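Engineer: A single structure is presented below for examination.
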Amino acid sequence: MEITKITAQKKRKDRFNIFVDGEYAFPVSEAVLIKLGLFKGLELTPERREEIEKENNAYMAYTVAVDYLSYGLRSEKEVRDKLWDSEISPAYIEPTIQRLRNQKYLDDRIYGESYTRTAANINRKGPGVIAQELKRKGLDEETINLSLEQYPEETQFENAVFLAEKTLRKQSRRSSRESGQKVRLFLQQKGFDRDLINRVFEDLDTEKSEEDEMDALRSEGDKIWRRHARKAEGRALHQKVKASLFQKGFPGELINAYVEEKITNDE
């Protein structure tokens, strides 16, 4: 076998097509072409051709990974998945991962710490959510725990207070009790633990003034009234409205005052 022609690819100038005995045989990268000293007229033994293919596959796996890493830090699992998705032969994936580790391009500890700082300082996520996300990124439990050391408890508390106050401001149409429940649930979903949430609620004022509570009740009550009025009237309607408002966390005396107010206005 002899290399009879070498041509540059039209779309990728750093890759070349190798022709053997007058027919297209395989592509190679410019780096492999130079490293292995390929040229027109070179005799190829089966062993030499196998060496070229191995060298080229290894180079392709490495360049795909490095290009992926050029956009930001990645976990080992993310790079491994990228290589699989790019149809890199499995035989070249782990050697590529090891090479990147040796070159300090891949380090799950550094990745985890950076991810934690970003999620905490920019996205204000709780440690529980961050831990789940790092697990999905392929980090082991020990690395996750070390990464979360970048998120001190006082920063967690400050973030939770910020989110709680922001969420509470959106609850103007809910009862004080339901507003508090919504805030607590939101903080849990953001990944903050129960003890820290309890600390937040020690200072968080979720109680509305009686006037604000009544305004919220009227807003919610009018919607409930219209909904139940389609199928009920009189005492049955009043009982359904009262039950619904009670479930929403409004106090009984305000509910009774609202219903009496509605009855008077409708007369």
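The values are calculated or read from the model by the stated rules, or taken from the named source; none is laboratory data. Note that the coordinates shown come from a computational prediction; the quantities given were computed from them, not determined experimentally. A quick note on method: Cβ atoms are made from the backbone with ideal geometry, for glycine too, and the neighbour counts reach across all protein chains shown. Note: accessible area is taken over every heavy atom of the protein model, side chains too, but ligands, DNA and RNA are not part of it. Shrake-Rupley method; radii C 1.70, N 1.55, O 1.52, S 1.80 Å.
Engineer: Taking 7 Å along the Cα-to-C-beta vector as the label spot, tell me the THR264-GLN189 distance in nanometres, rounded to one decimal.
Structural biologist: About 3.9 nm separates the two model spin labels.
Engineer: Need one number: convex hull volume per residue for the range 197-267, Cα atoms only, in Å³.
Structural biologist: Working: hull volume 6.9 nm³, N = 71.
Convex hull volume per residue, Cα atoms: 98 Å³.
Engineer: Accessible area of the range 174-261 with a 1.4 Å probe: how many percent of it is carbon plus sulfur?
Structural biologist: So the carbon and sulfur contribution to the accessible surface is 43 percent.
Engineer: Let's test the formula: R0 of 30 Å, r as the Cβ-Cβ distance of ARG48 and ASP81. What FRET efficiency results, to the nearest 0.05? Before the final figure, lay out the partial values.
Structural biologist: Details: r = 33 Å, r/R0 = 1.11.
That pair, ARG48 with ASP81, gives E of 0.35.
Engineer: At 222 nm, what helix-only mean residue ellipticity would the chain give, in deg cm²/dmol to the nearest 500, using -39500 (n - 2.57) for each DSSP H run of four or more? Present the calculation step by step, with values, prior to reporting the outcome.
Structural biologist: Values: 13 runs with 170 residues, N = 267.
Helices in the chain give a 222 nm mean residue ellipticity of -20000 deg cm²/dmol.
Engineer: Measure nothing fancy, just the Cα-based angle from helix 234-247's long axis to the longest principal axis of the chain, in degrees from 0 to 90, nearest 10.
Structural biologist: Around 50 degrees separate the two axes.
Engineer: With charges set only on the Cβ (+1 for Lys and Arg, -1 for Asp and Glu), what does the dipole of the range 1-138 come to about its Cα centre, in debye to the nearest 20?
Structural biologist: Numbers: 25 positive and 22 negative charges, 176 e Å.
With only Lys, Arg, Asp and Glu charged at Cβ, the dipole is about 840 debye.
Engineer: Please determine, in degrees from 0 to 90 and to the nearest 10, the orientation of helix 252-266 with respect to the longest principal axis defined by the Cα atoms of the chain, where the helix direction is its Cα long axis.
Structural biologist: Relative to the chain, helix 252-266 is tipped by roughly 70 degrees.
Engineer: Something else: Taking θ = phi - 60°, what integer Hz values does the Karplus form 6.51 cos²θ - 1.76 cosθ + 1.60 yield along the range 54-65, in sequence order, with x for Gly and Pro?
Structural biologist: 5, 5, 5, 5, 5, 5, 5, 4, 5, 5, 4, 5
Engineer: How many percent of the accessible area of the range 1-107 is carbon or sulfur, using a 1.4 Å probe?
Structural biologist: 51
Engineer: In addition: May I ask for the distance between the Cα centers of the range 251-266 and the range 41-103, given as a whole number of Å?
Structural biologist: Cα centres, the range 251-266 to the range 41-103: 73 Å.
Engineer: Residue by residue through the range 9-24, what is 3J(HN,Hα) from phi via Karplus (6.51 cos²θ - 1.76 cosθ + 1.60, θ = phi - 60°)? Round to whole Hz and write x for glycine and proline.
Structural biologist: 6, 5, 8, 10, 5, 8, 10, 10, 9, 9, 10, 10, 6, x, 10, 4
Engineer: Here's something else I'd like to know. Skip the ligands, DNA and RNA, and give the accessible area per residue of the chain with a 1.4 Å probe, whole Å².
Structural biologist: Values: 16290 Å² over 267 residues.
For the chain, the solvent-accessible area averages 61 Å² per residue.
Engineer: Between the alpha-carbon centers of the range 2-20 and the range 182-229, tell me the distance in whole angstrom.
Structural biologist: With the range 2-20 and the range 182-229 each reduced to a Cα centre, they are spaced 68 Å.
Engineer: Please compute, for the alpha-carbon atoms of the chain, the extent along each of the three principal axes and give them in descending order in Å.
Structural biologist: Its Cα atoms span 104, 45, 25 Å along the three principal axes.
Engineer: By what distance, in whole Å, do the Cα atoms of the range 44-103 stretch along each of the three principal axes, largest value first?
Structural biologist: 42, 23, 17
Engineer: Using alpha-carbon positions, what is the distance between the centroids of the range 124-138 and the range 232-248, in Å?
Structural biologist: When both Cα centres are located, 43 Å separates them.
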